[in-house]
Amino acid sequence: MIPVTKPYLPNREKLNRYIDGIYERAWLTNNGELVQKLTKRLEAYLGVENLLLVANGTLALQIAYRALGISSRDEPTEAITTPFTFVATASSLKWEGVTPVFADIDPNTWCLNPANIEPAITPNTRAIVPVHVFGNACDVEAIDAIAQKNSLKVIYDASHAFGVNYKGESLLKHGDAATLSFHATKLFHTGEGGAIIFKCEEDLERAKKMINFGIIGPETIEALGINAKMNEFQAAIGLCALDEMAENMRARAAVWHRYEQALGQTLQLQAKPKGLEYNYAYFPVVFESEEQAVRVAATLKENGVLARRYFYPSLESVACLGAETDQPVSKDIASRILCLPIFDQLSQHDQQNIINLIEAGLKV
Ligand SMILES: *Cc1c(COP(=O)(O)O)cnc(C)c1O
């Protein structure tokens, strides 16, 4: 089977050396040497400040909401978000007692459409939680302006946007916070893991306490907290993967461009704004109809290729999120989209086979 993505496996000898160090120090977690090192290296690599490593990308969102004072309020609280994303964007809000209010996406970029944000604002709205979906940049200028005007916080779920630059700067610099997921299936990963990039240092400092039970000294508990710490083994994988990031990205870019060349004329691709330097994390395509998308996915599967219907279903239709509204653009794109296999080890031969199968499927 050719999967939609394959976890990147960094050099084993190098990983062993990091693990030797962990054994020598006998320090496995709680802001260890490798977590500190990875924090510094990621800030330098991404060109950001105030980065906090956490145990996973979902906790990154939850801690960001808490640190910015959006969740755990004594009053009804809403956040405006996109229905076209992985479920964790919305479920993390709901889990934190914040009602996710969906606003529809742009039909070309598939990110939250700024025109739909203001109509969704109520007296209970405290935040906007847009997603740089598949690593594409949201309309950050428009969203940041709406947030300013209405005194709302912005938390970008940037789980897909590792290493993406926009207008010459890290996309992660936008918003009061941006969160990353370092899950094994993501472009850069630590097995499980995540990070938050805060705009303000005070928010970072508050979050640092939150991820360690609110403990600030051996005998002092300052505030309510939780356990969201990254451990040393996770950081070791990250340090290895970061060394090989350029190579990994080069291989994926080659795969991405071959797909674009072969399918870009016949299928709808994600429109990217000017000034975007993409990370080649995903190759989503939108078919003419749901029937065509489902049929091509079935043909690929019969031939040992797993393309995912991703993101499907559109989240307004997920009952447990409790936000059943009409989101026609998201519903439409979600019904017709497939993400094609893309990872550094995908051979040209296998990729050509995938392209041939899709082209044959389109002619039926
Ligand atoms: C992967 C992902 C998450 C969740 O990250 P985990 O590290 O798996 O908890 C959240 N949002 C989006 C958009 C994602 O793709």
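A few points about this structure:
- In this simple spin-label model, placing a label point 7 Å from the Cα along the Cα-to-Cβ direction at both Glu290 and Glu260 gives a separation of 3.1 nm.
- Summarising the amide proton neighbourhood of Asn50: residues at separation of 5 or more, or on other chains, whose placed amide H is nearer than 5 Å comprise an empty set.
- The GluC sites (Glu not before Pro) found in region 233-327 that occupy coil by DSSP, while having at most 14 further C-beta atoms within 10 Å, are Glu288, Glu324.
- Over all pairs of different C-alpha atoms in the chain, the reciprocal of the mean inverse distance, the Kirkwood hydrodynamic radius, equals 21.2 Å.
- Within region 45-75: backbone nitrogen closer than 14 Å to the Glu202 label point (7 Å, Cα to C-beta): 67-69
- Rolling a 1.4 Å probe over the heavy atoms of the protein chains gives the chain an accessible area of 45 Å² per residue.
- What the phi angles of region 227-236 give under the Karplus curve with 6.51, -1.76 and 1.60, with θ = phi - 60°, is a coupling list of 9, 9, 7, 7, 9, 5, 5, 4, 4, 4 Hz, glycine and proline written as x.
- Cysteines in the chain that, by Cβ-Cβ distance, have no pairing candidate under 4.7 Å: Cys200, Cys240, Cys320, Cys339
- Sum of side-chain charges, Pro100 neighbourhood, beta-carbon under 14 Å (Lys, Arg +1; Asp, Glu -1): -4
- Neighbourhood net charge (11 Å Cβ-Cβ; Lys/Arg +1, Asp/Glu -1) for Pro328: -3
- Using the Karplus relation 6.51 cos²θ - 1.76 cosθ + 1.60 with θ = phi - 60°, the per-residue 3J(HN,Hα) values for region 253-265 come to 4, 5, 4, 4, 5, 5, 4, 4, 4, 7, 10, x, 7 Hz, with x marking Gly and Pro.
- Dipole of the chain, positive end: most advanced residue of Ile358, Leu171, Leu59 [Cβ charges, Cα centre]: Ile358
- Per-residue ellipticity at 222 nm from helix content only, as computed over the chain with -39500 (n - 2.57) for each DSSP H run of at least four residues, stands at -11500 deg cm²/dmol.
- Where Rh is the Kirkwood radius over Cα pairs, Rg/Rh for region 41-136: 0.99
- Length gained on full extension, Asn30 to Asn212: 64.7 nm, using 0.36 nm per residue less the C-alpha separation.
- Scanning residues 5 or more positions from Ile2 or on other chains, those with amide H under 5 Å from its amide H are Val305, Leu306, with H placed 1.01 Å from N in the peptide plane.
- Cross-link partners of Lys167 among lysines (Cα-Cα below 16 Å; sequence separation of 8 or more within a chain): Lys272, Lys274
- Judged by the gyration tensor of its Cα atoms, with axes a ≥ b ≥ c, region 129-287 is oblate; a/c meets the 1.5 cut and b/c is at least as large as a/b.
- Within-13-Å neighbourhood charge of Glu290 [Cβ basis; K, R +1; D, E -1]: +1
- Accessible surface of region 12-243, 1.4 Å probe, proportion on carbon and sulfur as whole %: 51
The values are calculated or read from the model by the stated rules, or taken from the named source; none is laboratory data. Keep in mind the model is a prediction, meaning the values are calculated, not measured. Using ideal geometry, Cβ is built from the backbone for each residue, glycine included, and neighbour counts are taken over all protein chains shown. Surface accessibility is based on the protein's heavy atoms, side chains included, excluding ligands, DNA and RNA. Shrake-Rupley method; radii C 1.70, N 1.55, O 1.52, S 1.80 Å.
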